[in-house]
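Participant: Below you will find the structure I want to go over with you.
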Amino acid sequence: MKPSLRILRASPRGFCAGVVRAIETVEAALHEYGPPVYARHAIVHNPDVLASFERRGVIFVEELDEVPDDAIVIFSAHGVACRVTAEARERLLTAIDATCPLVSKVHSEVRHHVAAGRDVLLIGHPGHPEVVGTVGQVGRGRVHVVPDRQTALALPVDTEKAYGLAMQTTLSVADAAAIVAALQERFPDLHGPASDDICYATTNRQHAVRLLAPRCDAFLVLGGYNSSNSRRLAEVAEAAGCPRVRLLERPEELPMAWLDGVRILGLSSGASTPETAVEALIAWLRDGFDVGLEELRAADESIRFGLPALPPHARGGAGPRGRAP
């Protein structure tokens, strides 16, 4: 007889509106132009989604010098620096911007701070594509990345400067609040926003995990290992007191021995993880357990973003699939 395993699924989980928009933008580009379509950086941080697109003719690159002339290129949901969009214009590439509108909002805030004469303190993870794109909205040296409270406490204060605050959208809500508090102690005239740069989907998913994790013997987060929001979900589960937490890209990567003694398993997924991955994990677990399912809904989400306009293909002024626009 199989041992019993009660799976508590956190809701909301999985795709957010920005990820859905990015994926639908790639779908629309493939339909209108046909392959190949280039994407600068992984359109979302999920290996299965990327592999599916690669099989259909999407080529993922890290820089525009890997994109040939006359090509179609999509900028990922994480956003890009101004130099990237300028290079695309100079090369007459057909560029489609799939940046999440909530990331674009942060870009606008950073540009506004600098236009007002302020330097920007950007709470975020150095090297993350979203942070790189945000830093690149303004001139070099105007944005100072603050990854943790220790950095906030050690950051030099120039009393001759004014400072503005911005945040990466996929941060841990609790960590960001602690960093903001440290910065406000040292920069009393810091111009907001405070916490509302963290996107609704990140906040909702973390809240659901925070409610669910204390009830579980173990907790799984399905998501890409390079996904910031997925890693934050695992950290939230640990901070909420779950004794056994793991971030997992694919079901087969989980050793069955990890579940020894587990009777209640919490489950969530990152904003770049399709629901089919959750279903595949549950099906895989049914091979070894008598699975019972329960869902905890912490919030309802109805936000949807419109797609960016698809421009005429730059090559010879042709429109989609070579048609006149």
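Participant: Which whole-Hz ³J(HN,Hα) couplings does the range 119-131 yield from phi under the Karplus relation 6.51 cos²θ - 1.76 cosθ + 1.60, θ = phi - 60°, glycine and proline marked x?
Facilitator: Those phi angles translate into 7, 10, 9, 9, 7, x, 9, x, x, 5, x, 5, 5 Hz.
Participant: Explain nothing, just the number: relative contact order of the chain, from Cα pairs under 8 Å at least 6 residues apart, as a whole percent.
Facilitator: The value is 27 percent.
Participant: I'd like the Karplus ³J(HN,Hα) series for the range 72-86: coefficients 6.51, -1.76, 1.60, θ = phi - 60°, whole numbers in Hz, and an x wherever there's a Gly or Pro.
Facilitator: Working through the residues one at a time gives 9, 9, 10, 8, 6, 4, 6, x, 9, 6, 4, 5, 6, 5, 5 Hz.
Participant: Which of these values of mean projected area of the Cα convex hull in nm² was calculated from the structure shown: (1) 18.1; (2) 30.8; (3) 20.2?
Facilitator: (1)
Participant: Further question on the same structure: In debye to the nearest 20, how big a dipole does the range 1-43 give about its Cα centre with +1 on each Lys and Arg Cβ and -1 on each Asp and Glu Cβ?
Facilitator: 480 debye
Participant: Let me ask something else about it. Taking R0 as 25 Å, what's the FRET efficiency between residue 27 and residue 283 from their Cβ-Cβ distance, rounded to 0.05?
Facilitator: Efficiency at R0 = 25 Å is approximately 0.45.
Participant: In whole Å, how far is the Cα centre of the range 93-146 from that of the range 275-292?
Facilitator: 40 Å
Participant: Mind checking the dipole of the chain: about its Cα centre, +1 per Lys or Arg Cβ, -1 per Asp or Glu Cβ, Debye to the nearest 20?
Facilitator: Rounded to the nearest 20 debye, it is 360 debye.
Participant: Near the amide H of residue 191, under 5 Å away, which other amide H atoms are found, from residues 5 or more places off or on another chain, if H is placed in the peptide plane?
Facilitator: 163, 164, 165
Participant: For the chain, what is the calculated [θ] at 222 nm in deg cm²/dmol (nearest 500), taking -39500 (n - 2.57) for each run of four or more DSSP H residues and dividing by its residue count?
Facilitator: Taking each H run of at least 4 residues, the total per residue is -10500 deg cm²/dmol.
Participant: How would you rank 110, 138, going from fewest to most other Cβ atoms within 10 Å of each one's own Cβ?
Facilitator: 138, 110
Readers should treat all values here as calculations from the given coordinates under stated rules, not as data from a laboratory. In this text the structure is predicted, and so the values were computed from the model without any measurement. All Cβ positions, even for glycine, are placed from backbone atoms using ideal geometry, and neighbour counts span all protein chains on display.
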